[in-house]
Amino acid sequence: MVDLSVELSEKLLLKNPLMTASGTFGYGDEVTDFVDTNLYGGIVSKSLSLNPRVGNPPPRIVETPGGMINSIGLANIGLDRFLEEKEEYFHNFEGQLIVNIAGQEDDEFYTILKRLDRVNWVRGFEINVSCPNVKKGGIQFGTDPDFMFKLIAPMRDLTDKFLMIKLSPNVTDIAKMAVKVQEAKCDAVSMINTLYGAAIDIYTRKPKINTVIGGLSGPAVKPVALANIIKARKAIDIPIVGIGGITNGDDVIEFLLAGASAVQLGTVHFFDPLAVVKIHQFLQQYLESQNLNTIKELIGKALI
Ligand code: SIN
């Protein structure tokens, strides 16, 4: 038997490196009729704010060559409903639940963190400083290294749970942002969130999404994600969780070789919701075919 487990911190062991990307899998419990969610090492929830949010007006999602653009605007059920409705599912979930937190200002992040720190079925946090689709919060926190540091540094005193910051590729130097995450004593970075993108309908002559510009994800962004991970890997020692256009097992191995310790599947869920089944099987077969006992051995191997 090969060992697919990876460690993202002393506090967070994943039975395999496959996680869901926030916003592409709901809260996990909506899909249990057709996919075994226990195949994931971890689920990252849709971004959660203190109060429910309806998000941006539609159309807020559009397909593009090799990907899609979204401008959801952090629509979510809010903290209270999350705590009331999701406990039963996550008590039985065999992987790790990471809650993605989005706030409009510092205190909103801190309030959610403090409340969820007391919840035993929440194993860690992904802090969203990179959503390109909201006027307040989101990427506003994640483009200036010092500004982001001011937001995230106090978080370490609020929780001992796993703490990861999700970075935007829409910056000049993502490595500088990653260094700030490490200086703030967070456990990991996840990257990349979406790239700014736009699409226009030539017949209506109007933008295809309501907010005009949204976030591009999917296979089209994979090489950008890999380049950003490689840049960050050289600058920091803490683990990186890779995100960006992963559609199959080959992609997962590529991200691990580039220095990611785990990965998140995102846009693939929209066109192949059972991708995790195939990818999970591929990882085992790949290790066996390569005479490797553990998947950890692959992390960063392309950079040595
Ligand atoms: C959204 O809700 O608009 C997308 C979230 C994100 O990009 O972080």
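Quick rundown of the values:
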quantity: Protein accessible area in the chain, 1.4 Å probe - carbon and sulfur %; calculated: 52
quantity: Listed residue pairs exceeding 22 Å between alpha carbons, taken from Lys180/Lys231; Lys222/Lys278; Lys136/Lys234; Lys46/Lys136; calculated: Lys136/Lys234
quantity: Extension reserve of the Ala153-Glu30 stretch, reckoned as 0.36 nm per residue once the Cα distance is removed; calculated: 40.9 nm
quantity: Of the GluC sites (Glu not before Pro) in the stretch 28-97, those whose Cβ has at most 12 other Cβ within 10 Å and which sit in DSSP loop; calculated: Glu94
quantity: Residue with peak Gaussian network fluctuation, the chain [Cα springs, cutoff 10 Å], from Gly124, Gly78, Gly28; calculated: Gly78
quantity: Rounded Å value of the spacing that divides the Cα centres of the stretch 149-163 and the stretch 5-43; calculated: 22
quantity: Cα-centre dipole for the stretch 89-208 with unit charges at Cβ (Lys and Arg positive, Asp and Glu negative), debye to 20; calculated: 360
quantity: Accessible area of Cys131 in the full protein assembly, 1.4 Å probe (Å², nearest 10); calculated: 10
quantity: Residue among Gly66, Gly78, Phe34 farthest towards the positive dipole end of the chain, charges placed on Cβ; calculated: Gly66
quantity: Residue-normalised accessible area of the stretch 193-304, given per residue in Å² at a 1.4 Å probe; calculated: 47
quantity: Cα Rg, Dmax (largest Cα-Cα span) when computed across the chain, Å; calculated: 18.0, 56
quantity: Nearest-10 value in Å² for the accessible area of Thr247, using the 1.4 Å probe; calculated: 40
quantity: Exposure ranking of Val277, Val179 by accessible area [1.4 Å probe, largest first]; calculated: Val277, Val179
quantity: Ranking by accessible area, most exposed first, for His280, His91, His269 with a 1.4 Å probe; calculated: His91, His280, His269
quantity: For Arg81, solvent-accessible area (1.4 Å; no DNA, RNA or ligand), Å²; calculated: 110
quantity: Accessible area in square angstrom per residue, the stretch 55-152, 1.4 angstrom probe; calculated: 44
quantity: Simple Cβ-charge dipole of the chain, Lys/Arg +1 and Asp/Glu -1, about Cα centre, in debye nearest 20; calculated: 880
quantity: Residue pairs, from the table Lys176/Lys208; Lys86/Lys185; Lys11/Lys86; Lys150/Lys301, whose Cα atoms sit over 27 Å apart; calculated: Lys176/Lys208; Lys86/Lys185; Lys150/Lys301
quantity: Estimated inter-spin distance, Trp121 and Ile304, nm [label 7 Å along Cα→Cβ]; calculated: 4.1
quantity: Within a Gaussian network of the chain (alpha carbon springs, distance under 10 Å), most fluctuating of Asn170, Asn248, Asn92; calculated: Asn92
quantity: Coordinate range along principal axes, alpha carbons of the stretch 75-207, Å, largest first; calculated: 51, 36, 27
quantity: Accessible surface ranking that places the most exposed of Met177, Met1 first, with a 1.4 angstrom probe; calculated: Met1, Met177
quantity: The chain: DSSP helices with Cα axial extent of at least 15 Å and average Kyte-Doolittle hydropathy no lower than 0.0; calculated: 222-235, 275-289
quantity: Inter-probe distance in nm under a simple model that places probes 7 Å from Cα toward Cβ, at Leu13 and Leu292; calculated: 2.0
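The values are calculated or read from the model by the stated rules, or taken from the named source; none is laboratory data. Everything quoted here is computed from the prediction, not taken from an experiment. A quick note on method: Cβ atoms are made from the backbone with ideal geometry, for glycine too, and the neighbour counts reach across all protein chains shown. The protein model used for the area step is the full one, side chains on, heavy atoms only, and it has no ligands, DNA or RNA in it. Shrake-Rupley method; radii C 1.70, N 1.55, O 1.52, S 1.80 Å.
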